[in-house]
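Everything on this sheet refers to the single structure shown next.
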Amino acid sequence: MTARAYEPLTAENAALILVDHQVGLMTGVRDYSTGELKHNVVALAKAARALGLPIVVTTTARDSMWGPTFPELVEALPGVEIIDRSSVNAYDDPRVARAIEATGRTKLIFAGISLEVCAAFPAMTAVARGLDAYVAVDASGTFSETKRQAGLLRMAQAGVVLSDYATLMVEILKDNGRPEAGPVYGALDMPWATLVGQVAASFGK
């Protein structure tokens, strides 16, 4: 596969697509603890809001199989419509496809449960449609190590960029001197960063 020249994510070219972070699906996740996964997804959503990214949120079979979006994520995204669908691939639902297209963005950041289906299928579809797709692996989750490894390999083969939620958001922030820096790092809520701030504060006394 030929490597492409690096073209950074920016607040003007990127959108966030959150797929199926539902209570029923969360119960099956085995590669992250429930607490860690919730933290990562909420941090990603809050940082994306702080950066002004368009956000599309979707569920599947919300009322019949997999339950609602977990409450902490709903609370982090007030006013954001959650599109429920029946299709396995979120991009196959016309309302979801229209919502993504309406963002006008060419770089789409996906996270979903499960990683190898809910995040991977729409991300690979985006690549097939000529868009750039990224997956925040640690804001996704799946049900076995085999599924995780196979999903990562398949996405990489399809040209999806794999990363973590904090790196993607910091790439968009670009400059720690921007006024959004404080809200973004606060949203990311990285424990080590909090410790660094405490150390810095102690030197300032």
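The values are calculated or read from the model by the stated rules, or taken from the named source; none is laboratory data. Predicted model only: the values in this text are computed from it and were never measured. Please note: Cβ atoms are built from the backbone with ideal geometry, for glycine as well, and neighbour counts cover all protein chains shown. Each accessible area value is taken on the protein alone, full model and side chains, heavy atoms only, with ligands, DNA and RNA left out. Shrake-Rupley method; radii C 1.70, N 1.55, O 1.52, S 1.80 Å.
Details
- Solvent exposure of the chain, expressed per residue, is 48 Å² of accessible area, with all protein chains present and a 1.4 angstrom probe.
- Spacing of the two label points (7 Å from each Cα toward its C-beta) at Thr27 and Asp189, in nm: 2.4 nm
- Other residues lying with their Cβ under 13 Å from the Cβ of Ala61 contribute a combined charge of -2, Lys and Arg counting +1, Asp and Glu -1.
- Whole-percent carbon and sulfur share, accessible surface of the chain, 1.4 Å: 58 percent
- Extension gain, Glu7 back to Asp63 (0.36 nm per residue minus Cα-Cα distance, nm): 16.1 nm
- Summing Cβ point charges (Lys, Arg +1; Asp, Glu -1) relative to the Cα centre of region 60-205 gives a dipole of roughly 280 debye.
- Here the gap between Asp164 and Gln149, fully extended at 0.36 nm per residue and compared with their Cα-Cα distance, gives a gain of 3.9 nm.
- Once both labels are positioned 7 Å from their Cα atoms along Cα-to-Cβ, the gap between Ala156 and Ser87 label points is 2.9 nm.
- Cα-only Debye scattering, the chain: base-10 log of I(q)/I(0) at q = 0.12 Å⁻¹: -0.58
- Probe 1.4 Å - accessible area at Thr34, Å² to nearest ten: 70 Å²
- Volume of the convex hull of region 1-67 (Cα atoms only), normalised per residue: 140 Å³.
- Solvent-accessible surface (1.4 Å probe) assigned to Lys107 amounts to roughly 0 Å².
- Cβ-defined net charge surrounding Glu116, 9 Å radius [Lys, Arg +1; Asp, Glu -1]: +3
- Acute angle (nearest 10 degrees) that the helix 34-50 long axis makes with the longest principal axis of the chain, alpha-carbon atoms: 80 degrees
- Computed from Cα atoms, the angle from the helix 191-203 axis to the main principal axis of the chain rounds to 10 degrees.
- Residue (of His21, Ser144, Tyr91) at the positive-pole extreme of the chain, dipole from beta-carbon charges: Tyr91
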